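Below you'll find the structure, written out as structure tokens, and then a few comments.
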Amino acid sequence: GNSVTQMEGPVTLSEEAFLTINCTYTATGYPSLFWYVQYPGEGLQLLLKATKADDKGSNKGFEATYRKETTSFHLEKGSVQVSDSAVYFCALRSNTGNQFYFGTGTSLTVIP
Amino acid sequence: EAGVAQSPRYKIIEKRQSVAFWCNPISGHATLYWYQQILGQGPKLLIQFQNNGVVDDSQLPKDRFSAERLKGVDSTLKIQPAKLEDSAVYLCASSREGNYGYTFGSGTRLTVV
């Protein structure tokens, strides 16, 4: 079956620190992988995605590389800002259907 | 383009009462999804529509949840009767054919007391 496991939070970092949020997946077939971000009181927003192995998704300084050999899609950012404080969800979408499978989310707080 | 619209934003009801949520997808999006996001968990698909037909409702608790998408545009999700464990954010999403333009609404936060 399809599932996503991501690093548990909460994560608290100082501004300009390096961020890594780990995500691994189990899937049948060849899924697409996503990171979504949810700011307080708002809906899910697509942060980045990768549709095949070795693809790198990037947006707003965040990056994640689709690693088929380790079934991983870790989220990284070199220098976080206070405005990055949010909950981050790793997700996969099976190539056999439109359904998303989400991880449990990782709460990030960045302090000045 | 306008996003996925959901209403109400918040709802508080007592257990055993009924509640309904409304979703208006992005214009032209044939596929509509309802997800349930319990606090501390990731969203879980409840039901998926393609136009006005149900594609997947395998995770919908059909004894108390129902959903419809008349005319293949907007959709309503109903819970009757509500239980305490139904407290969650209910997210609606829509997409064009082939998964393009997959967009989530802001959600309805339901609290059952």
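Taking Rh as the Kirkwood radius computed over C-alpha pairs, what is the Stokes-Einstein D of segment B:36-113 at 20 °C in a medium of viscosity 1.002 mPa s, expressed in µm² per second?
160
By per-residue mean of other Cβ atoms within 10 Å, what is the highest-first order of B:16-24, A:88-96?
A:88-96, B:16-24
Give me the dipole magnitude in Debye, nearest 20, for chain B about the Cα centre, with unit charges on the beta carbon: positive for Lys and Arg, negative for Asp and Glu.
Result for chain B is approximately 320 debye, rounded to the nearest 20.
Using only the Cα atoms of the protein assembly as shown, what semi-axes does the equivalent ellipsoid have when each is the square root of 5 times a gyration tensor eigenvalue? Give whole Å, largest first.
In descending order, the three semi-axes are 30, 21, 16 Å.
Can you send over the carbon and sulfur percentage of the accessible area for segment A:4-112, probe radius 1.4 Å, protein chains only?
Here carbon and sulfur together make up 49 percent of the probe-accessible area.
Treat every Asp and Glu Cβ in the protein assembly as shown as -1 and every Lys and Arg Cβ as +1, leave all other atoms uncharged, and give the resulting dipole magnitude about the Cα centre to the nearest 20 debye.
560
For chain B, which whole-number percentage of the solvent-accessible area (1.4 Å probe, protein heavy atoms only) is attributable to carbon and sulfur atoms?
49
Using the crude model of +1 on Lys and Arg Cβ and -1 on Asp and Glu Cβ, and no other charge, please compute the dipole size for segment A:23-104 relative to its Cα centre, in debye to 20.
It works out to roughly 160 debye.
Tell me: how much accessible area in total is hidden between B and A, 1.4 Å probe, Å², nearest 100?
Answer for the B-A pair: about 1300 Å² buried.
Wrap a convex hull around the Cα atoms of segment B:1-77, take a quarter of its surface area, and give that in square nanometres.
That works out to 5.9 nm².
Cα atoms only: what Rg and Dmax, in Å, come out for segment A:4-112?
In Å, with Rg to one decimal and Dmax whole: 13.3, 44.
The values are calculated or read from the model by the stated rules, or taken from the named source; none is laboratory data. As the structure is a computational prediction, the values presented were derived from the model and not from experiment. Reconstructed Cβ throughout: ideal geometry from the backbone, glycine too, with neighbour counts over all protein chains shown. Just the protein is used for accessible areas: all its heavy atoms, side chains included, with ligands, DNA and RNA removed. Shrake-Rupley method; radii C 1.70, N 1.55, O 1.52, S 1.80 Å.
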